[in-house]
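To keep things clear, I will list the structure first and then write my remarks on it.
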Amino acid sequence: MLPMTQEDGDLDSLVRKRIRALRVAQGWSLEELAGRANISQSSLSRIENGRRRLALDQLVTLARALDTTLDQLVETADDDVITSPMIDSAHSLMRWPVKGDPGMTVVRQRMTQPPPENPARMRAHPGREWLVVLSGTAVLMLGHRRFRVETHQAAEFPTMMPHAIGTAGGPCEILGIFDRDARRGHQREGGDRDPQEPGE
């Protein structure tokens, strides 16, 4: 038998804690999860408490019973937890990549101008955007419709719909989440970007 390394021990402990946390999150007792996984309650208790070794076949069964995958059950948390923003002072932007999904980007922007009146300045491109207003009131132009988005309200829309966003009666701050297509859609040749539009 190969000796267990510190890293192996940490993963073993993490998996056991994860099994218990997922069970508790579902509101299930030991008996309920054991029944769903077709193992004895005492075996499950020993697995959670570290008194029984983790067998691959049982992990597969437990993952299925917990509505997750084996990969998710045994994944490690080696990546940095804290991410600092990239700051674009020219456009009053803060940008964070989403490590779990490299296609997603989170952007925080302060806006001071109303949306453009000229429909020709509205933009359309593949993708979806989601935004929440952190302070102030934003105006979202979406096709022929105009929406006021108040503080703490959110909006989500397909970006194939011509759209633009600005302020209503004073500065506002928004936090937006863009999928890969929406992020690319906000890029322009040479990196130029409409400062009234959230995104890259």
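The values are calculated or read from the model by the stated rules, or taken from the named source; none is laboratory data. Every value quoted in this text rests on a predicted model; they were computed, and no experiment measured them. We place every Cβ from the backbone using ideal geometry, glycine too, and count neighbours over all the protein chains shown. In case anyone asks, the SASA skips ligands and DNA or RNA and just uses the protein heavy atoms, side chains included. Shrake-Rupley method; radii C 1.70, N 1.55, O 1.52, S 1.80 Å.
Thr83 passes every criterion in (1) at pLDDT 80 or above; (2) of a type outside the set (Phe, Trp, Tyr); (3) within 15 Å of the chain's Cα centre (by Cα) apart from (1). Of all residues in segment 22-47, those that are closer than 16 Å to Leu70 by Cβ have Cβ atoms under 8 Å from Cβ atoms of residues that are hydrophobic (A, V, I, L, M, F, W, C) and at pLDDT below 90, 6 or more apart or on another chain, in Ile47/Leu54. Of the conditions (1) of a type in the set (Val, Ile, Thr); (2) part of a helix (DSSP H, G or I); (3) touching a Lys or Arg at 6+ places or on another chain (Cβ under 9 Å), Thr83 clears all except one; give me its number. For Thr83, the exception is condition (2).
Residues Gly100, Gly136: which one is modelled with pLDDT under 85, open to solvent by less than 90 Å² (accessible area, probe 1.4 Å) and either among the aromatic types (Phe, Trp, Tyr) or in contact with an Asp or Glu (Cβ under 9 Å, 6 or more places away or on another chain) (or both)?
Numbers: Gly136 fails: modelled with pLDDT under 85.
Just one listed residue meets the conditions, Gly100.
I'm trying to understand the selection: among the residues of segment 111-123, which are open to solvent by less than 60 Å² (accessible area, probe 1.4 Å) and closer than 13 Å to Pro162 by Cβ? Within segment 111-123, Pro115, Pro116, Met122, Arg123 meet the criteria. The residues in segment 99-113 that are touching a residue at least 12 places away in the same chain (Cβ under 8 Å) and within 12 Å of Thr83 (Cβ to Cβ) can be counted, and the count is 3.
Looking for something part of a loop (DSSP other than H, G, I, E, B), touching a residue at least 40 places away in the same chain (Cβ under 8 Å) and over 16 Å from Leu175 (Cβ atoms) - is there at least one such residue anywhere in segment 136-151? Quick ask: steps written out before the conclusion?
Residues of segment 136-151 that are part of a loop (DSSP other than H, G, I, E, B), as a first pass: 136-137, 143-144, 150-151.
Now drop any that are not touching a residue at least 40 places away in the same chain (Cβ under 8 Å), which leaves none.
Looking for residues that are part of a loop (DSSP other than H, G, I, E, B), touching a residue at least 40 places away in the same chain (Cβ under 8 Å) and over 16 Å from Leu175 (Cβ atoms), one finds none in segment 136-151, hence no.
Quick grid of which residues meet (1) surrounded by 14 or more Cβ atoms within 10 Å (Cβ to Cβ); (2) under 23 Å from Asp10 (Cα atoms); (3) hydroxyl-bearing (Ser, Thr, Tyr); (4) in contact with a helix residue (DSSP H, G or I) (Cβ under 9 Å, 6 or more places away or on another chain):
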site: Glu32; (1), (2), (3), (4): yes, no, no, yes
site: Ser43; (1), (2), (3), (4): yes, yes, yes, yes
site: Glu48; (1), (2), (3), (4): yes, yes, no, yes
site: Arg53; (1), (2), (3), (4): no, yes, no, yes
site: Asp57; (1), (2), (3), (4): no, yes, no, no
site: Leu62; (1), (2), (3), (4): yes, yes, no, yes
site: Ala65; (1), (2), (3), (4): yes, no, no, yes
site: Leu70; (1), (2), (3), (4): yes, yes, no, yes
site: Val74; (1), (2), (3), (4): yes, yes, no, yes
